[in-house]
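Since the structure comes first, as structure tokens, the remarks are kept for the end.
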Amino acid sequence: MHSQQVTTEPPSNDTVGDVPGVLRSPASGADRAPLTFDVIIAGCGPTGAMLAAELRLHDVRVLVLEKETEPKSFVRIVGLHIRSLELMAMRGLLERILQHGRQRPAGGFFAAINKPAPKDLDSAHAYLLGIPQPVIERLLEEHAIELGAQVRRGCTVAGFEQDDEGVTVELAGGERLRSRYLVGCDGARSTVRKLLGVGFPGEPSRIETLMGEMEVGVPQEEITAKVGEIREIHQPFWLRPFGEGVYSVVVPAAGVSDRAEPPTLEDFQQQLRAIAGTDFGVHSPRWLSRFGDATRLAERYRVGRVLLAGDAAHIHPPTGGQGLNLGVQDAFNLGWKLAAQIRGWAPETLLDTYQAERHPVAEDVLDNTRAQTELLSTEPGPQAVRRLLTELMDFDEVNRHLIEKITAIGIRYDFGEGPDLLGRRLRDIDVKQGHLYGLLHRGRGLLLDRTERLTVGGWSDRVDHLVDPTAALDVPCLLLRPDGHVAWIGDDQRDLDDHLSRWFGKPAD
Ligand SMILES: Cc1cc2nc3c(=O)[nH]c(=O)nc-3n(C[C@H](O)[C@H](O)[C@H](O)COP(=O)(O)OP(=O)(O)OC[C@H]3O[C@@H](n4cnc5c(N)ncnc54)[C@H](O)[C@@H]3O)c2cc1C
């Protein structure tokens, strides 16, 4: 599975230091360069690549600037949760992605409490997909490029200034580029966020952890016998098979030399010996990393023409494997709204709904990772709470609530009063043309109509109309936004028109 060379990552996640770049005054007035791009995205991680693709669905001119000359080389396996898999299905990417990952049961995420998921989770994709992060990044980048996004590597965003018409972006080498909007998808240490002066309040890193994948030199039985015993006393700790002879290893980083230096195999051996009395003969590492548990959330996601998404907007410990998922879902929420703004049909407040919807979601993820971190402590108090929660998770409702939270299928945006489905995402249902998600590849709105008497009228350039009296729904008709969230439920044309205006602006003449 892993044939790559050993690579290590520098520590991540908690530095909010000074900005290296110098913001020079941009050209002004008549000297300004033309608006060559509609959107410049800083950073081609999973968030930036997903956003670029979403914007290209609407013909927006996109340039992605990525400071690294080559894609990431460390091979960290990340988990794609249900909602992210659904997004991939909605854009026709899922089949491609499934070929590169391993499906696992959707359960046991919350603080690693080992409870299987309820059998009837409300999704056609009720599993976890383990996939190397560089692979998902490559697939998303390829997808964006196929759709026409330009990606320039080796380009570091070092400064910018915005005016009434656009943003002048300055690269580390001094080159200047103009676009109508700039989105910082430039990760936890985001230059864009810092230059924007947006606060990043939260807690600094308290506990550092080493994580990696490697082979072991002893039989599985020997490991199993020891691991349970050690986990009673030491957290975070695990050593578990990951398939094809590779083990995933997590040990505390306390006492390991210089945090500025990437960890080494010797560091893992030393930590294992200290807590287990043996290093299990670990060897041949695939990747090694060190991370902290800093938890921070940007105060704002938008200042004028500059926006933030992904790790640039929020950081938290990797417990539950939510960070990449959260960033990709930010991009999915932002893409069509920013495109609407650029294409000129966005209702006045549409772009602001990005922060209104996504900031509370990130707040909730930060909170659940804080809770999980406490539950992983070996102190007697948190251990007692963990035992209690473990008991409570035998109740289906509790187990379901936690799984829906971590997998992001439980999200309900506040669209005002209405049935429970309003504001939630709709699962992939069967419709007469096949699967619903198969009809959403173009990133347009969709009126799913069982009444056979409604119309999308002057919005037909932005919203598709699917008439299917047999669709598996228990409502007469619903309007889906391009991100698959239910924006309206009903059967009255006038009410529908009001909601089409609310989400899709003025009708065409
Ligand atoms: C040990 C560990 C395990 C994890 N496991 C999971 C998991 O199972 N599931 C999950 O969902 N998440 C997981 N995560 C979190 C996940 O890796 C991140 O949340 C995700 O990478 C964030 O994506 P991003 O695109 O927002 O930022 P990044 O991946 O950090 O990408 C930012 C990009 O911007 C570029 N960049 C930075 N500055 C500039 C600049 N000035 N100009 C141009 N480019 C710039 C960078 O080179 C980088 O390519 C884990 C994290 C850790 C540490």
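The values are calculated or read from the model by the stated rules, or taken from the named source; none is laboratory data. Owing to the predicted nature of the structure, the values given are computational and were not obtained by experimental measurement. Positions of Cβ are generated from backbone atoms using ideal geometry, with glycine treated the same way; all protein chains shown enter the neighbour counts. The accessibility values were calculated without ligands, DNA or RNA, using every heavy atom of the protein model including side chains. Shrake-Rupley method; radii C 1.70, N 1.55, O 1.52, S 1.80 Å.
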Task: Residue check, residue 327 within 14 Å of the ligand (Cβ to nearest atom) and at pLDDT below 95 - done: no
TODO: Please find, among 57, 87, the residue that is open to solvent by less than 10 Å² (accessible area, probe 1.4 Å) and either of a type in the set (A, V, I, L, M) or away from the ligand (no atom under 15 Å from the Cβ) (or both).
DONE: 87
- [ ] Check off (1) more than 30 Å from residue 462 (Cα to Cα); (2) at pLDDT 95 or above; (3) over 19 Å from the mean Cα position of the chain (by Cα) for residue 315 and give me the number that stays unchecked.
- [x] (3)
Open item on the list: Whether any residue in the range 412-435 is modelled with pLDDT of 95 or more, among the hydrophobic types (A, V, I, L, M, F, W, C) and within 30 Å of residue 202 (Cβ to Cβ) is what I want to check.
Closed with: yes
- [ ] All but one of (1) within 13 Å of the chain's Cα centre (by Cα); (2) more than 12 Å from the ligand (Cβ to nearest atom) hold for residue 50, so report the exception by its number.
- [x] (2)
Open item on the list: Only one of 239, 272, 195, 210 is under 30 Å from residue 305 (Cα atoms), touching a strand residue (DSSP E or B) at 6+ places or on another chain (Cβ under 7 Å) and not basic (Lys, Arg). Can you tell me which?
Closed with: 195
Open item on the list: I'd like the full set of residues that are of a type in the set (A, V, I, L, M, F, W, C) and open to solvent by less than 20 Å² (accessible area, probe 1.4 Å), limited to the range 90-104.
Closed with: 90, 93, 94, 97
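Residue by residue, here is whether (1) free of Cβ contacts under 8 Å to residues at least 60 places away in the same chain; (2) in contact with a Ser or Thr (Cβ under 9 Å, 6 or more places away or on another chain) holds:
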site: 409; (1), (2): no, yes
site: 415; (1), (2): no, no
site: 418; (1), (2): no, no
site: 428; (1), (2): no, yes
site: 455; (1), (2): yes, no
site: 460; (1), (2): yes, no
site: 473; (1), (2): yes, no
site: 479; (1), (2): yes, no
site: 500; (1), (2): yes, no
Open item on the list: Looking only at strands (runs of 3 or more DSSP E) that lie completely in the range 278-356, which have at least 2 residues being open to solvent by less than 10 Å² (accessible area, probe 1.4 Å)?
Closed with: 283-291, 306-308
Task: Leading residue by the ranking (farthest from the ligand (Cβ to nearest atom)) among those in the range 357-377 that are open to solvent by 40 Å² or more (accessible area, probe 1.4 Å) and of a type in the set (D, E, K, R) - done: 374
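Each row is one residue, and each column tells you yes or no for (1) assigned to a loop (DSSP other than H, G, I, E, B); (2) under 16 Å from residue 122 (Cα atoms).
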position	(1), (2)
427	yes, yes
438	no, no
448	no, no
475	yes, no
479	no, no
494	no, no
TODO: Among residues belonging to the range 173-196 that are closer than 28 Å to residue 318 by Cβ and of a type in the set (Gly, Ala, Ser), point out the one that is surrounded by the most Cβ atoms within 10 Å (Cβ to Cβ).
DONE: 184
Open item on the list: Suppose we filter the range 72-84 for residues that are open to solvent by 10 Å² or more (accessible area, probe 1.4 Å) and within 9 Å of the ligand (Cβ to nearest atom); how many remain?
Closed with: 5
Task: Which listed residue is in contact with a Gly (Cβ under 9 Å, 6 or more places away or on another chain), open to solvent by less than 50 Å² (accessible area, probe 1.4 Å) and more than 13 Å from the ligand (Cβ to nearest atom), from 218, 256 - done: 218
Task: Spans of strands (runs of 3 or more DSSP E) in the range 108-204 with at least 3 residues closer than 29 Å to residue 94 by Cα and either at pLDDT below 95 or more than 9 Å from the ligand (Cβ to nearest atom) (or both) - done: 127-132, 150-153
Open item on the list: Of everything in the range 60-71, what is among the charged types (D, E, K, R) and within 14 Å of the ligand (Cβ to nearest atom)? Give them in sequence order.
Closed with: 66, 67, 68, 70
